[in-house]
Amino acid sequence: MRLSRALLVATTWVMTLSVGPTASANAFVKDVPGAISKPTLAEKTVVDGVVIETSTLVSNKDVATLKAHFRELFIRRGLYLSEATAEMKLQLGEQVTGLDTDNLISYTVILQPSGKNATTLIVSSAELGKRQQKSVPAFAPVYPGSGPVTSTQLEWMKSMSYPTTATPAEVRAFYREKLAAQGYAPGPDDTFIKGTERIALTVAPGVTERTVFLIQEMGIAASVRGGP
């Protein structure tokens with residue numbers, strides 16, 4: 001089975017964002033070398049209809065040591081190491097992804113340096129074989145002529161992303177017009193605010209194509225909105 005690269009990228013991206021209180025997702029949070037904290041408690045995230053469970057903990061081992069440990073452990077457990085995700089470069093740290101081909105469960109460990117003698121591990125499992133047919137709907141308009149949309153949802157936040165050949169200036173102008181029509185006021189750093197909602201826009205750089213990210217946060221504080 002050939003996995004969707006867009007789904008793997010979106011899954012890793014959301015797991016990078018979900019570093020708050022989370023769930024003991026799977027057996028790979030046990031017996032982590034140098035663990036100096038217990039795995040955190042449960043949260044589920046949905047990415048394109050796939051349920052992801054995540055757990056975080058801290059180790060006193062470095063990123064390279066932990067990456068080698070999990071690669072060896074995944075191979076020993078019979079997981080397929082995905083080349084698509086192996087080629088991905090994170091802004092911070094490293095990641096290892098393995099696929100249980102019998103049960104179609106993907107396991108990812110994101111390793112982020114967290115100061116001297118500390119590495120934060122974000123360990124997640126995605127049940128690809130139980131993908132829900134109905135994905136999370138997009139919450140904002142999409143620039144005309146762009147590629148397919150990947151949508152995600154947390155308890156307090158939604159996100160969507162898609163590729164486009166439009167320039168960053170064209171994308172920003174598009175959202176200023178369309179979100180203003182929906183009652184959003186422009187805020188600092190490409191944000192748009194309506195009541196206790198905020199939409200943040202990011203256009204990732206590219207040569208001929210770039211990626212548009214939008215994050216919708218609910219229940220933002222008055223100080224963030226610029227109120228008293």
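Considering the conditions (1) at pLDDT 90 or above; (2) on the phi > 0 side of the Ramachandran plot, D189 is excluded by exactly one of them, (1).
Of all residues in segment 173-191, those satisfying the criterion of being surrounded by 16 or more Cβ atoms within 10 Å (Cβ to Cβ) and either aliphatic (A, V, I, L, M) or over 16 Å from G219 (Cβ atoms) (or both) are F174, Y175, L179, D190.
All of S114, S82, S55, S106 fail the test of being modelled with pLDDT under 75 and of a type in the set (S, T, N, Q), apart from S82.
The values are calculated or read from the model by the stated rules, or taken from the named source; none is laboratory data. The structure presented is a predicted model; accordingly, all values stated were derived computationally and were not measured. Cβ atoms come from the backbone with ideal geometry, glycine included; neighbour counts cover every protein chain shown.
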